[in-house]
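Values in this text are rule-based calculations from the coordinates and carry no lab data. Note that this is a predicted model, so its numbers are computed, not measured. Ideal geometry is used to build each Cβ from the backbone, glycine not excepted, and the neighbour counts take in all protein chains shown.
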Amino acid sequence: MDYQFPERLFPCFYNDGPPSGSVQSGAEAGGWGCYYGALPQGVADSPSGWSFTSKHQVRGQTWRQTEPVAIPLLSPKKAFLGVLTPPDPLDFTEHMQNFYVNYGHDAFGCMSDILGEHFYFRFGKKQREKHRRGSVSMWTMKNFIKRMKYKTCHLMFGASALGSYCSLLSDVVLDVPPELLGSLLHEELTEQRDRLLFSERTTGGALAFVPFSRGRGCLACPGGPGLNRLNFHRVELQRRGVELSSREPHSFQLEAPIRQISHASLLNDCCVAVRSDYLCGAWRFSETNEPRLLQVVSTREAATCVSVSPHVLGEVLVASESGAANLWTVGRGLQKVRVEDANLYFNAKSWWRWCEFSAHPRVILYADRTGVELTDVRAVSAAGLTLFRISSTAACRSGECLLQSRYLGDAHPFHHLVATQYSAYVMDERFPCVPMLKWDHMMEAPPIFCHAVPRAAGSETAGVLLGSQSSQEITLLQYSGGRVQPCFSLGPPQALLRPRESLRHLPVQIPHRLETATNRLSAPAAGLTCIRGNAGGGPDGEECVCVLQLTEAGDVFYQVLKQNEDPSDRRRPETSAPSAEAQLVVSDTSSDEEIIGPTQAAAVPETQTVDSDSSEARGGRRRVKRTPLPVFVNDDPDAATTDGEEKRSGRTPAAPGSRTLHTWKVWLQKLTYRSGEKALDSDLLTAETKNLLTVPDGEARGAEEEQREESLRRELKACMSSRSLLLLRGSASSAAPVPGAVDPEEWTDALSRRLTVSWRGEEAWRAWWHDNMGLNVESKVEALRRKRRREKQARRAAGRRLELSGSFTSTVSYQTELDGFSSSAEWSSAASQGAWSDVDSDGVLSKLDRFLSTPLHVQTDGPVPTPTPTPQRDENHEQQIVSASQRGSPDTTSSSQRRTKHPARDDLSSLFETQDNPAAAASCQVSSSQPVPPRTTRDVFASFASSQPASRAPQGRRGPPQASQTQKKKPRMGF
Amino acid sequence: MPEGILHPDNRTEMLNVGNLDKDLESHGDPDNDSDSSDNSSKKRRKSKLPLVKHLYVESRNETGFLGSCRMCLEQIREAMLHHRWQEAAEYMACYPQILEHQKNTTAQRELVWRISTEILHHLPNSTMDDYNIIYERMKHSGVKLYLMISLEHSFHLMLHGHIEDAKQQLCVAESWRYGKETTSQLQRTKLIQAYRSLLDYIIWCDKKANLSKNHSFDSDNQSVHNYFRQASVNLQEILKNPGVWDPFILSYVEMLEFYGDHEEALKVLTDYAYDNSFPPNPNAHFYMYRYLKRHDAPEKRLMKALKNLHVLVPSHELMLEYSSLLLQSDKRSDTQKALGVLLEMLDFGCWRSNLDVWRCLQAVVRELQSEDGWEGVVCERMETRKYWWPALHFTSFHAAKDSEENPKLLEVKASLAKILCPDRRLRYAAEQS
């Protein structure tokens, strides 16, 4: 029952004084995570019957958007858009400069008329005679001054003569003294900035929805470029969203921009009051009757508030900056009910006043920046009763001021919402002074729009929407109680979608269209309203709320919120240690979802589109085709988790539906069309090109040249007439030679190599990293083993002879390696620290190939019998690569194993072991007791190394020691 | 042309030099005139607009670490405002690093605590242990936060049914002392004591119920009495401070009544209702009335209590009782008062279609009609209402609605319409006839 007053309220202190500093110690931390108070409930008879309720309850109703973007309702019309970023008043110098440059005549008009005849700006000397003698020739200045329009380097384009003129004339040539102009500009910019950051004129908002029945209603909103046309659109809330009726809206042209629209409906009849700066008008209509204007009144001072009575149709409150509140009985005129010359509780230096009706038809709320009073209209002289004031009772912060007060008649007949820049308060007029509820709304910009979300039938929970102007925020707050139970807030504030964030979710736009759209979408908000209804339209339809937002460009955007009752989501940590099963279940489901997340994400919109709209089936099919895509998505662990998360949290779908996309596409197209493709800025700096491209003098050229030119011209002409291509035959030879192919091998440092690799795509790049970090040692080893096995089998198949030579080779190579190690530590370290990566192994290999193909030379060079290329060598060039990668650091790959009959496998494994473990490698080195090989062997190395002189030095310095060595191995076979 | 315009660079250079000079000066003399005027102008501008500066907004002179912390906070905030708790939790895993920063402020510590608890509220697998860890850790992160977090911790325990633990927490917080006490700290201490006493009362209730069931010994009785004594000290203390103490006063009065201290109970209730330093709490008068009624106080006192309530809340549901009390009394003026009370109730939207009030009004009017000059009395009461009551109650729309929803109401209203608004032709009545 509405008349009940809660039997017990949450305890709180009552400090009747100005806001104290001590309260705000951590006030900027926001309002999260607090309970604020607890109240015992329950029967005292049973020992365990006690339960508590808190002033702030952890969870409220879950509302989620059906689409990830706000959707435009009306097609875009022409609009004036102001600047979006608040100007910095200290930029006044720049503005002054612009003024002097662009409006030179206004800035220097008088003096230039006087001085003009003493200066002569034209080029040449002849005409000069006509002028008075003694005039100064300024033609060199002309070009200079021309360039002043552009932002060029002032040092480079300086002119010393001009500098002297400046010092001579700078204090006389200006029409307006710069000091004066500067201070005026500064003042103006400050004001503009303030207006952009916070403009109190639009308090209340100029958007109203008048419900008729079953989701139908009438939307009153301003239109036209100056927002000076009042439109009444018939709208209907349907499953898909808000539908505009095809009928033309009723519209009324007003004389001033609409600042606020207030409405109230009573038993099928509705009254709408509209406030512009100095005029207020009232319209009346119903579902069957067209809107008709009843009366217009004008106020002497700017009107700040208009408010329609919810009790008696045709009563309107009007407040103006004169400090007076008037009761306007439509048809009779204004009657002053309260006048206040000063602010109510302290001097806030503000003329802003606000009025609202209360639960009693003859008691009104009179508010200014300092507080709210309840005033009885019948007793004019009587002082008001304080309902709310900025004080420490409400735990206000210093500097806090009231921005708006709103009668929440839809939610509770005795409740009022008071919004400040920090908090929102629910006041009960039966118990003035003490706020029943306080939220920290945590909005960036001050909330000056407010709307109560009507209660659903049978539910106690009501919502409050707060909207800010410059940042377009909408915040949904929920609360309950005020009848049997005391008021308590539900859940943390929820931010709704903003139009300016829409473009992120839409297909990418061409840059200049993007700019148009961004500017249009970031226009400040100008109003807020909501429609409550059933999404399905029928009685069993899902509860939904449609939130509409008006921007100053005259666009209306809406978003549909559906109530999401997720039972698993509602689980609260009731016990100190939840049972193991419960946890298990939770983790199970979450992991499940993580796995199938992406697939679901693709499947869900598909079904939606199909059953919601058959005409959009094409879009649905397109989605079906896309379903295999997520398989790739799964490769990326990051993408998989985020996707799964979105599903798990039961949030809005990640991508807008096809219908929304279509709406947006049409809207953006219309917007581009309406705004017109802006011509490219014609004021660009143009460079002189007149004398840049000239044919050298004819004398220098020979007759042959001329002839060729002639023929070329002829050919060109012929080609043009026949529309064919001109192919240069003879002259083509003289074309500049193609620059030499870039050889990436020449840069062997890590960065260059990485960059080179990255040209081959992400795979290669990633592989390089893996190699470099030594992440794929395992797999490489495996691959190598396989290859070796295959090799061995092939060899076995080929016959004894080969095997023999193979074993021989391996032994020899071992020796050379050992030699390399023991004799030259530098070499070994250089090689082991990653000499050749996979990337340029091609290059290296080809060199090696060449190198190896001259075995005789090597043989003569040293005693090492270099194996001749085996018969198979050509057919498995691959083999070489493998062995190349196998060659690795010459650090004495365990000598004993080298000598065994199975060189490949064990050899490799030990190789990797040793490389992974430097200590082990060292021990291997120690254990090897080989004779110092002859010097000639080293020469082989030297010659080899010298073939890549660049590679050596940086290798020594670079790379982590554990970097995988698999790719860096030179073919051992060759030695 | 002035040089400054042609060469803005030069000008800025000059300005810079000027700044440098000023800087040098201000270094030497911190109370420089130009400096202070600068500050005051900044302040003035700041106070003029109701804008908020948030913690997540970029500040000057922030280092890389603070910058990344701020960005992280921004992400957390964004995620939390859009109720993406999982995402917020992931970011939150990093944010507490700010606590290691030397210059972290109380606000930042409080923020860490607030955000973590809020995220825990919404994560599906948060346990009580998680909460305890957060509360305990952050409690000790700063002296300014200790009392607040202790109180919130006990609330959390209470809400989850751990009354003993909650009491333990409150006891610990009660004995906590630190430095000089600010007003808010003092009040918080008192609140902690009062909540502790409330829990004492709850235990007292439970013990008492057990006692009455088991008929046990004196020692038990003594322990129950101990709880009463513990509770009463603090409750008495907090009731001296202006504020809303509904649950505390109810429990205190209940205990006092149990031990038969009616004088004290009445005194406490009277203070609560009639002390001017207290906010005008309708419940204070309601409790008073209920107490008086429970103890069979004379009608005069009841009516006095209700009269006070009527001044505060003319729409209170007890006004029906008040009007019937007024009607029962013999005085003629009381009947007129009853008429006033009922008419005022009907001003409010919530009573407009309530049959009982209209019936009551009918009875009062009948009572009045038995005397002379009743029309004058009604006229007087209706004087201020005659312009808007017809629109409020007696339009054809109301008639249609009433006949549809409550025909009896229609009957009562129709009979009263002519009496209340005799000189106006009402559609409500016309349609009826």
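Numbers below:
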item	result
Estimated distance in nm for a label pair at A:PHE80 and A:ASP194, the labels positioned 7 Å out from Cα along Cα-to-Cβ	2.1 nm
Ordering of A:3-16, B:414-427 by packing [mean C-beta count within 10 Å, highest first]	A:3-16, B:414-427
Coil-residue chymotrypsin sites (Phe, Trp or Tyr not before Pro) of the stretch A:445-534, DSSP, other Cβ within 10 Å capped at 15	none
Formal net charge of residues neighbouring B:SER154 (Cβ-Cβ distance under 15 Å; K, R +1; D, E -1)	0
Loop-located trypsin sites (Lys or Arg not before Pro) in the stretch A:182-273 whose Cβ has at most 14 other Cβ within 10 Å (DSSP)	A:ARG214, A:ARG247
Chymotrypsin sites (Phe, Trp or Tyr not before Pro) restricted to the stretch B:213-318 and DSSP loop, no more than 14 other C-beta within 10 Å	B:PHE217, B:TYR259
Label point distance in nm, A:ARG713-B:ASP330, each placed 7 Å from Cα along Cα→Cβ	13.4 nm
Principal semi-axes in Å for the stretch B:276-321 [√(5λ), Cα gyration tensor, largest first]	17, 13, 9
Efficiency of FRET between B:THR270 and B:LEU99 - r from beta-carbon atoms, R0 51 angstrom, step 0.05	0.55
For A:THR62, distant residues with modelled amide H under 5 Å away	A:ASN564
Cβ-Cβ FRET estimate between A:VAL666 and A:VAL176, R0 fixed at 41 Å, reported to 0.05	0.25
The stretch B:240-313, dipole about Cα centre (Lys/Arg Cβ +1, Asp/Glu Cβ -1), debye to the nearest 20	360 debye
Whole-Hz couplings from phi, Karplus 6.51/-1.76/1.60, listed for the stretch A:710-719; x for Gly and Pro	4, 4, 4, 4, 4, 4, 4, 4, 4, 4
Averaged over A:195-203, number of beta-carbon atoms from partner chains that fall within 10 Å	1
Dipole magnitude of the stretch B:335-433 about its Cα centre (Cβ charges: Lys, Arg +1; Asp, Glu -1), debye to nearest 20	220 debye
Share of pairwise Cα separations in the stretch B:335-433, more than 17 Å, in percent	47 percent
The stretch A:320-336 residues near the modelled A:LEU279 label - backbone nitrogen below 17 Å, point 7 Å along Cα→Cβ	A:331
Cβ charges +1 (Lys, Arg) and -1 (Asp, Glu), total dipole of the stretch A:354-457, debye	140 debye
P(r), alpha carbons of the stretch B:240-313 - 10 Å bins starting at zero, rounded %	20, 55, 24, 1
Sequence ranges B:70-81, A:546-557, ranked by mean other-Cβ count within 10 angstrom, highest first	A:546-557, B:70-81
Leading residue at positive end of dipole, the stretch A:293-563 (Cβ point charges), from A:LEU503, A:ALA462, A:CYS355	A:CYS355
Projected label distance in nm at B:ASN406 and A:ARG504, using a 7 Å step from Cα toward the beta-carbon	5.1 nm
Signed unit charges on C-beta, dipole axis of the stretch B:335-433, positive-most listed residue B:VAL412, B:PHE394, B:ASN354	B:PHE394
B:HIS140/B:GLU62 FRET efficiency (R0 25 Å; Cβ-Cβ; nearest 0.05)	0.40
